[in-house]
Amino acid sequence: MRIITFFLVGLIVHVIFFISIFDIYFTSPLVHGMTPQTMSLAPPASRLVLVVADGLRADSLFTLHSNGSSRAPYLRTIIKESGTWGVSHTRVPTESRPGHVALIAGFYEDVSAVAKGWKENPVEFDSVFNESRHTWCWGSPDILPMFAKGATGDHVYTYTYPAEEEDFASTDASRLDSWVFAQVKSFFQSAKSNSSLRASLHEDKNVFFLHLLGIDTNGHAHRPMSQEYLENIGLVDNGLSEMVSLVEDFFGYDGKTAYVFTSDHGMTNWGSHGAGHPSETLTPLVVWGAGVNSAQTVTEPQPYEDGYLQGAKHMHHADIAPLMASLIGVPIPVNSVGVLPLPYLNNSDLFKAESMYTNAIQVLEQFKMKMAQKKETTLSFLFTPYQLLTESKQAEFIHKARILIQLGKYEDISLCQSLISHSLEGLVYYHTYDRFFLGCSVVLGFVGWTSYVALVILKTHASLNRRPSILKLCMCVTAVITLFLFIQRSPATYYIYCLLPVPVWYSVLKDISLIYSITCKPSTDKYWAHNNLYTVYKVMNSMNLLTLMTRNLCCPQVVSFFYRTMLTVGLAVLSLWPFLSGVFGIAKYRSLSWFFSCLFLALFPLMPVVGRDDICFLSACAGLLTLFTSVCYLWSSQRQTPLLILCQNQQMLHVAMCAYVPSLTHSSLQQKQGLPLFNQIISWATLASSMLVPLVSSTRIFHRLLSILLSLTATYLLLSTGSEALFPPVLSWLMFVWINIEQEAMLAQGLSGRQELSSIDFSANIDIAKIRQLKLDDIRRSYFFVFFIITAFFGTGNIASINSFDPASVYCFLTVFNPFIMGGLMMWKVLYDCSLFIYMYVGNIISHYVIVMSMTIFLMLLSVVTHILTSQRLIMWKRPKSHFS
């Protein structure tokens, strides 16, 4: 197989493996076709006011000042006198869209929905707004439209400000909340003179939704501990007080209005959110008004160290949806997995029992629909039902619960709670029903691909080409798998995951004679003599050593995905390589440079993943270090033309300018003067040119690599906010040393056909058919390759965590909220470090088999760790029962 074809096939195989993660772990949990469950008893409230303070942390609202006063005095009065308060626990990902879906629809949206659009619905779902008679919404254009689109009919009305107002560089982001309160006030004033609107407002089952984005915007721009963030809480509290007075006055203080104040997610100390830190998952909840329990003093000890949690009622984020539905008497959203929090209700025992029963039936309907769908697409003799909730047990649960309610034994409501618990567990059971089957298919395909790569190396070095005929067998297996999936009406992706192992293992098994010859043939066989027994054994020993290294050495790399300090340990060990291998004797200065570069790079995993340090000083240092590296490159190169020198000097001046732009931008933002247009033009022009300038540079190795380094570093400096600005120059210097030290090592081994580094030209045709013998050093280079890629990904941050990126990184490019552009720039920043590994593809410094082995090890490691990460994330999404009373 030609090397280009080999890489393309490998790329396709691993893309399929990567996509399989989403089908195995991240599929929509929703089912459709359920009937909304209603309750015959009259609800306590005719209308509901839902206020969501986006990005508000629980501790920021509940924690008192040192003098005992509160930054939200009105809400504090509600908590102490007339309402019920608590802490709502949201789930990963702690983003605005999933948070609002959990609040209003009652289910936890699949993570992959983030990639399908923040403003559109990847799947249709029911919500409290949809079940209401009328819903009026005010707030962000990123949140409100998705609930209006998902509603049946035209009874959800939205009022939003322009998207351009969501500017992190705004002089006062709290004006977004002031706009909402002003619009609500204007709305009720206009209703006094509009008879049709006034009549609609006085109907029952109405919802008023206020989405307040100012706190979140100020948190991103100035951090949650800033004066702007805390003052915005006071503004919201004051606006809430005026709004409640306005609503009560409009409806004549009829006592039929229920109020819910909460947040969609919290925020980290550095002003971001998305992961599962308590500062992101703990959100405040204050409920008061019609049908809500008044404040009660808690006397028993609470199992929480944080003072603001003492006496708080804890609930899940999705539990708020059934609470709101119960208060105004609308059906609980059919996709809700929330459990009605009874301690918040102030009503009769009969009402609580009937509400809980309705909640149980609503969740059970989802379970029954999920079970029916899975049973329909599974052969009857292979179907295994959820044993705790078979059809007979369902009927038994419902019958007992109904009898207990009729007998007035409302205190035995725990039976309904048990039914809900079993139904939720059953939903997870059927949602993950095919996970083991798909996982086995993917593992089988991956093991087959790894085996095929090993055989490619063995065949090339041993020239063993006897191929038994197994084509018919593989065709039969393909037909059986296809028929099995067709009968079960499996999705199209299932065909890909299950059929992929067939051609892969066909490619392995057709060369089974190679394995047989190596393991079973006697040494006197002429076949062995013809194919060089010594070479085969040498390659096999190398492959065995590679397997041992993969098992033993990759363990620290897996650990580094969770504990970045393991990278520091690894770099410290690698720094000793020239001294332990004897390279120091033939390249002393380069060995010392390797030693100090590894130690310097080892400092970065010990630093915080986020932070806004002295950007002016650090950018200047990064620029100087980049220029120093550039001078060393130029010194190592030969035959420089005046035009080439001019182009490279221009790139170096460009890097110096980009080192100054971030400090100028952040200074302007701190003074609340906005993003300078000139800086924005320079930033976008730099990003665009970084992709094009290297293509027109000289094809000489050091000239081309220097052009790539300068172009990419210029953009990276614009995306840096702290010490990470120094990471690419240090990493590039280490790679430059590695190129030279490997060349010295290979020359010392007496390998022929090695060019001088300065004479290697990228445009020259390299005959990849001239393959040297595989050596043990190639395995060591493969391990270095994988280790440095992981260091590039995790050296200055954690790509597995959304919240390890500071939004301030993109402020040189834009400050108006745009999740896709901002996310793309942050991902480019991470991938930039890995682009430095172009050094490892230079000329014949590393043979293409080393690259094959390296990428195989890395992709295997990446697949394993990705499954570990998704499993960990699934564990985080389970309901943490220990936190709830």
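With a cut-off of 13 Å between beta carbons, the residues surrounding G33 carry a summed charge of -2, where Lys and Arg count +1 and Asp and Glu -1.
Database remark: amide H of E109 closer than 5 angstrom to the amide H of A102 (H placed geometrically; neighbours at sequence offset of 5 or more, or on other chains; Pro and chain starts carry no H). If R0 equals 30 Å, the separation of the Cβ atoms of I496 and K459 corresponds to a calculated FRET efficiency of about 0.65. Here the Karplus relation 6.51 cos²θ - 1.76 cosθ + 1.60, evaluated at θ = phi - 60°, turns the backbone of region 389-405 into coupling constants of 9, 6, 4, 5, 5, 4, 4, 5, 4, 5, 5, 5, 5, 5, 5, 4, 5 Hz, with x for every Gly and Pro.
Rg over Rh for region 201-288 works out to 1.06, both radii taken from alpha-carbon positions and Rh defined as the Kirkwood radius. With protein chains left intact and a 1.4 Å probe, residues in region 49-346 average 34 Å² of accessible area per residue.
Note on R780 and T432: with the Förster distance fixed at 35 Å, the Cβ-Cβ geometry gives a FRET efficiency of about 0.30.
With a 1.4 Å probe and all protein chains left in place, how much of the accessible area of region 49-346 comes from carbon and sulfur atoms, in whole percent? All intermediate terms of the calculation are to be shown ahead of the outcome.
Numbers: 4940 of 9990 Å².
Solvent-exposed carbon and sulfur of region 49-346 make up 49 percent of the total.
With K and R counted +1 and D and E -1, the other residues having a Cβ less than 15 Å from that of P44 yield a net charge of 0. Couplings 3J(HN,Hα) of region 248-253, computed from phi: 5, 5, 5, 9, x, 6 Hz, in residue order, whole Hz [Karplus 6.51 cos²θ - 1.76 cosθ + 1.60, θ = phi - 60°; x for Gly and Pro].
Note on Y410 and K192: their simple-model spin labels are 4.0 nm apart, each label 7 Å out from Cα toward Cβ. Subtracting the Cα-Cα distance of H202 and L473 from their residue separation scaled by 0.36 nm leaves 90.2 nm.
With a simple spin-label model that places each label point 7 Å from the Cα along the Cα-to-Cβ direction, the separation between Y660 and S380 comes to 8.1 nm. Amide H contacts for F209 (H built 1.01 Å from N in the peptide plane; partners 5 or more residues away or on another chain; cut-off under 5 Å): L50, W136, C137, W138. For L345, nonlocal amide neighbours, meaning residues 5 or more places apart or on other chains whose placed amide H falls under 5 Å from its own, are N293. Here each label is just a point 7 Å from Cα along the line to Cβ, and for L692 and R489 those points are 5.3 nm apart. Karplus-derived 3J(HN,Hα) values for region 267-281, using 6.51 cos²θ - 1.76 cosθ + 1.60 with θ = phi - 60°, are 6, 6, 5, 9, x, 9, 7, x, 9, x, 5, x, 5, 9, 8 Hz; glycine and proline are entered as x.
The values are calculated or read from the model by the stated rules, or taken from the named source; none is laboratory data. No experiment lies behind these values; they were computed from the predicted model shown. Here the Cβ is made from the backbone with ideal geometry for all residues, glycine too, and neighbour counts use every protein chain on show. Remember, those area values only see protein heavy atoms, side chains included, never the ligands or the DNA or RNA. Shrake-Rupley method; radii C 1.70, N 1.55, O 1.52, S 1.80 Å.
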